[in-house]
Each structure stands twice: as structure tokens, then as C-alpha cells.
1. Please list the non-local residues whose amide H lies under 5 Å from the amide H of G61, H modeled 1.01 Å from N, same-chain partners needing a gap of 5 or more.
2. Given charges of +1 on the Cβ of Lys and Arg and -1 on the Cβ of Asp and Glu, with all other atoms neutral, how large is the dipole of the range 32-111 about its Cα centre, in debye to the nearest 20?
3. Could you sort the peptides 82-89, 11-18 by per-residue average Cβ neighbour count (10 Å cutoff), highest mean leading?
4. Along the charge dipole of the range 28-83, Cβ charges K/R +1 and D/E -1, which of N40, I67, S50 sits furthest on the positive end?
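Only the coordinates and a few stated rules stand behind these numbers; no lab work does. Every value quoted in this text rests on a predicted model; they were computed, and no experiment measured them. When we count neighbours, we look across all protein chains shown, and the Cβ atoms used for this are built from the backbone with ideal geometry, even at glycine.
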Amino acid sequence: MKNRFWIIIFSAVLIISAGLWILISNLSLSANIVGIYQNNRLIKKIDLNSVTEPYEITISGEAGKNIVQVSNGHIKMKSAQCPDKICVNHGELISNTSPIVCLPNKIVIKFENSSENIDVKTGVK
Ligand SMILES: [Zn+2]
């Protein structure tokens, strides 16, 4: 009986902390819109918070294919056929100060909720 008591307490703590964690991560990621650009044109806009199942996007460019991996709250360049692999080595997109850039394929992945957005219509900052 004593064991069962602790199991119940432990589960309750787990559930509460999981709930808190979800709440906090939702709050801090309330605006998590990411834009994928190629040749300065917006080719895809993703709300990372509304991603339920992870998926991949393949983008073809002059230097081959780039595979972008999207999952809830996360986006990264999973693989690329470009020669430098800077985009892959960048890892996950964390902040707007360092967007994921693939120069050979002219791909830029960045957050859209920034005050210095590129104007989608004109492509001018
Ligand atoms: Zn690259």
C-alpha cells in the first residue's frame, strides 16, 4: 500500500510538470512562424507550433537537393547536396540572429516574427 501511494504521488508530479512544461513552451513559442526562402522568394511558411507529425520538405536548387526536417517547434536542414554543408552544420533554427542559409542553393530559413521582416511582396527589406 505504501508503494502504491508513492506511485500515485510520483505520477501526479509527472503529470503536473508535463502540463507546466507544455504551458511554458507554448507561451515562449507563441509566435513560431518560419519562412523558407529560395532566391529571395518565400516558398513555404510554417507555423512550427501547429506541426503535429514530423515531416520533411525537399527543395531542389542549382547545387542539388536540400532536405528540411520539420517537427513541432523545430526546423533544421537534415541533409543537403551542396558542397559546403554549412546549412546542415548550422543545426536547428534557434534564433533570428542566425538563420539557416544555404548559399549554393540560395535557401534561407528564418523566423517570420521579427521586426526586420523581408517584405514578401517586394522581396526588399
Ligand atoms: Zn547548403
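1. Long-range HN contacts for G61: N66.
2. Using only the charged Cβ atoms, the result is roughly 180 debye.
3. 82-89, 11-18
4. N40
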